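Okay, so here's the structure we're looking at.
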Amino acid sequence: MYRAMKKTKPKRRPTAILFLFTLFFVVMQISCTQQIPTNVQDMNFIPQPVSVDTTEGAFVLGGKAMVFVQEGQEGLVKIGQFLATKLNKSTGFQIEVKETSKVPRKGNIYLTLGNDPAIVGDEGYQIDVTNKLLTLKATKPEGLFRGVQTIRQLFPDNGNTRQEAYAIKAATINDAPSYTYRGMMLDVSRHFFGVEDVKKVIDHLAYYKFNHLHLHLSDDQGWRIEIKSWPNLTAHGGSTQVGGGEGGYYTQEQYKELVAYAASRFITIVPEIDMPGHTNAALASYPELNCDGKAPELYTGTEVGFSSLCIDKEITYEFVDDVLTELVEITPGPYIHIGGDESHSTKKEDFIYFIEKVQDMVFSKGKTMIGWDEVAHAELHPKSIAQYWSKDENAKLAIKKGAKVIVSPGKYAYLDMKYDSTTVLGLNWAGYIEVDHGYSWSPDQLTEGIAKENILGIEAPLWSETVTNMDEIEYLVFPRLLGYAEIGWTPAPQRNWEDYKVRLGKFAPQLKAAGIDYYPSALVPWVE
Ligand code: ACM
């Protein structure tokens, strides 16, 4: 019986085998090139773009893709190369960049400049995903660079390069920022951070579409920028930091390198020399800057408000003028920040006299002055900017005097505030800033009298009394920085915590892949 059955089993014929092979290859083909395309509306962006609309069709980014940039437009090859480098890391492809005078062939990315009524402002952009191409269009290279960050988020670096095609549904993204100034401040005075650390911060900022990095270059504990006409500022004043470590400073060449690195990411460096208070490092370096002619010791503690430049001495203004002259020469950006906060050892009339005099110097050198909100007590130049950190009434006074404000309220936007009572790093004088608290506010809703038209933008400062290295910086900065990015970019009516926390949670693989040791807030549904 068994034998008989075996004998009657039909032989496979060659045509059947051929058919099976063909079927196998067809199925393989379909599964490789026709994977279910990801819906762009379900993709995870921070900051959330203004609009994302999906349509029919799908775009496939495969291993043979290239980034084409419009021929003959200055800077586009560099932007294309920036994108290709990032995509090659996230996808495992070897995407190259080419200039083109024509619309490229199917399956490529195309970066092009052009006027389009749908594209708003210098930083606005449009991404058009079709069966054929992924086109990024903007009016200015700056807009292309912001759009490049959105493309990076379409193909994110989660640390596991797939090296296979990515299919995404056809879509149009239209996007532009809510506020023109979106910044972070890094205090390099209380603890000094070298060029490579600052570049890393700049890279973080670029990914979330920030456009300013404010460097707090001088304070009681250290002077961090080389001033050739006053060399002891760095030789002595830069030689220590909080806790007594060795400090450091940027040579003018290093500072220029940072400015250029930031500029290549369309980020402007805003240098701050804090005056007339917060000046112990300068006073310790030059006895003649002190009213009594005696230099104090260097300071490595964390108190504030005890130092002041000598308001009555002529040499004070020679000093400030020299510092500003050299700083302006190496600062292509429009702003010089003169500090002005917590000058508790300067008489009020002296403070006002000093700020007005230094404000004139800044404008006479072709720059726009920024000062912390206390500068509102002085008469302000119509273009001066007040940085609101502590007092509503100062911000409103500045607005009354015609100034715009950068909004950095300590209780919402200070990156050095602890997350909660168990956070080891950071301070808590302005309260705790959990991730939801840092996200759930709007610059134009803080108080009556500070409206959107009065606000240049938002900045999140990181004071460095308690942070000594990049890991510690990143723990306080992440994930709150992403929230400040979205507050600055995404229109307020489109923002809400319940939606944001889910998107933030989905950034966990990217943050981990970037080696960022972020605060794993229990309020966020982090994706493993
Ligand atoms: C500041 O936090 N002293 C501006």
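The number of residues in region 466-479 that are assigned to a helix (DSSP H, G or I) and either within 16 Å of the ligand (Cβ to nearest atom) or not β-branched (V, I, T) (or both) comes to 6.
In region 345-375, of all residues being β-branched (V, I, T) and within 16 Å of the ligand (Cβ to nearest atom), the one that is surrounded by the fewest Cβ atoms within 10 Å (Cβ to Cβ) corresponds to T346. In this structure, is W463 in contact (Cβ under 8 Å) with a residue 12 or more places away in the chain, within 16 Å of the ligand (Cβ to nearest atom), aromatic (F, W, Y) and crowded, with 20+ Cβ neighbours inside 10 Å? Judged against the criteria, W463 is a match.
Look at region 90-126 and say how many of its residues are out of contact with any helix residue (DSSP H, G or I) (no Cβ under 8 Å at 6 or more places or on another chain) and under 12 Å from I173 (Cα atoms). So the count comes out to 1.
Here is a check on your reading of the model: is S343 touching a Gly at 6+ places or on another chain (Cβ under 8 Å) and under 25 Å from T251 (Cα atoms)? Against the criterion (touching a Gly at 6+ places or on another chain (Cβ under 8 Å) and under 25 Å from T251 (Cα atoms)), S343 does not qualify. If you go through region 305-319 and keep only what is surrounded by 15 or more Cβ atoms within 10 Å (Cβ to Cβ) and out of contact with any Pro (no Cβ under 7 Å at 6 or more places or on another chain), you end up with F306, S307, C310, K313, T316, Y317, F319.
Yes/no per residue for (1) within 22 Å of L186 (Cβ to Cβ); (2) touching a helix residue (DSSP H, G or I) at 6+ places or on another chain (Cβ under 7 Å):
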position: Y388; (1), (2): yes, yes
position: N394; (1), (2): no, yes
position: K400; (1), (2): no, no
position: V405; (1), (2): yes, yes
position: L415; (1), (2): yes, yes
position: A430; (1), (2): yes, yes
position: V435; (1), (2): yes, yes
position: G438; (1), (2): yes, yes
position: T447; (1), (2): no, yes
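Kindly evaluate T161 against the criterion of being among the β-branched types (V, I, T), farther than 30 Å from A284 by Cβ and either buried (at least 22 other Cβ atoms within 10 Å of the Cβ) or touching a strand residue (DSSP E or B) at 6+ places or on another chain (Cβ under 9 Å) (or both). Walk me through it before giving the result.
On the way: among the β-branched types (V, I, T): yes; farther than 30 Å from A284 by Cβ: yes; either buried (at least 22 other Cβ atoms within 10 Å of the Cβ) or touching a strand residue (DSSP E or B) at 6+ places or on another chain (Cβ under 9 Å) (or both): no.
Considered against the rule, which asks whether it is among the β-branched types (V, I, T), farther than 30 Å from A284 by Cβ and either buried (at least 22 other Cβ atoms within 10 Å of the Cβ) or touching a strand residue (DSSP E or B) at 6+ places or on another chain (Cβ under 9 Å) (or both), T161 comes out as no.
Screening A295, A282 for residues that are within 30 Å of the chain's Cα centre (by Cα), among the aliphatic types (A, V, I, L, M) and either away from the ligand (no atom under 16 Å from the Cβ) or surrounded by 15 or more Cβ atoms within 10 Å (Cβ to Cβ) (or both) leaves exactly one candidate, A282.
Table: residues versus (1) closer than 20 Å to S218 by Cα; (2) among the β-branched types (V, I, T).
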residue	(1), (2)
V362	yes, yes
G366	no, no
G371	yes, no
H377	no, no
A395	no, no
S408	yes, no
K411	no, no
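Beta carbons closer than 6 Å, at least 6 apart along the sequence or on distinct chains, pair a first residue in region 327-344 that is near the ligand (Cβ under 10 Å from one of its atoms) with a second that is assigned to a strand (DSSP E or B) for G339/E272; G339/D274; G339/M275; G340/G371; G340/W372; D341/W372. From the list V188, V129, pick out the single residue that is at negative phi and touching a helix residue (DSSP H, G or I) at 6+ places or on another chain (Cβ under 7 Å). Of the residues listed, the single one that is at negative phi and touching a helix residue (DSSP H, G or I) at 6+ places or on another chain (Cβ under 7 Å) is V129.
The residues of region 359-375 that are in contact with a helix residue (DSSP H, G or I) (Cβ under 6 Å, 6 or more places away or on another chain), part of a helix (DSSP H, G or I) and among the hydrophobic types (A, V, I, L, M, F, W, C), listed by number, are M361, V375.
Filtered by the rule that a residue be surrounded by 14 or more Cβ atoms within 10 Å (Cβ to Cβ), over 27 Å from the mean Cα position of the chain (by Cα) and not β-branched (V, I, T), region 100-132 gives P104, G107, N108, K132.
A quick yes/no check of all residues on (1) touching a residue at least 12 places away in the same chain (Cβ under 8 Å); (2) surrounded by 23 or more Cβ atoms within 10 Å (Cβ to Cβ); (3) among the hydroxyl-bearing types (S, T, Y):
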position	(1), (2), (3)
P443	yes, yes, no
M470	yes, no, no
L481	yes, yes, no
P493	no, no, no
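When N290 is tested against (1) crowded, with 22+ Cβ neighbours inside 10 Å; (2) farther than 28 Å from S408 by Cα, just one condition goes unmet, and that condition is (1). I'm checking my understanding of the structure. Among residues of region 171-205 that are of a type in the set (D, E, K, R) and part of a helix (DSSP H, G or I), which one is nearest to I127 (Cα to Cα)? Result: D203. Look at region 27-56: where a residue is closer than 12 Å to V129 by Cα and a partner is in a loop (DSSP other than H, G, I, E, B) and at pLDDT 95 or above, sitting 6+ places away or on another chain with Cβ atoms under 9 Å, you get V52/F45; T55/T130; E56/N131. D122: at negative phi, modelled with pLDDT under 95 and acidic (D, E), yes or no? No; evaluated as a whole, the condition is false for this residue.
The values are calculated or read from the model by the stated rules, or taken from the named source; none is laboratory data. Since this is a predicted model, take the numbers as computed values, not measurements. Glycine also receives a Cβ, built like all others from the backbone with ideal geometry; neighbour counts cover every protein chain displayed.
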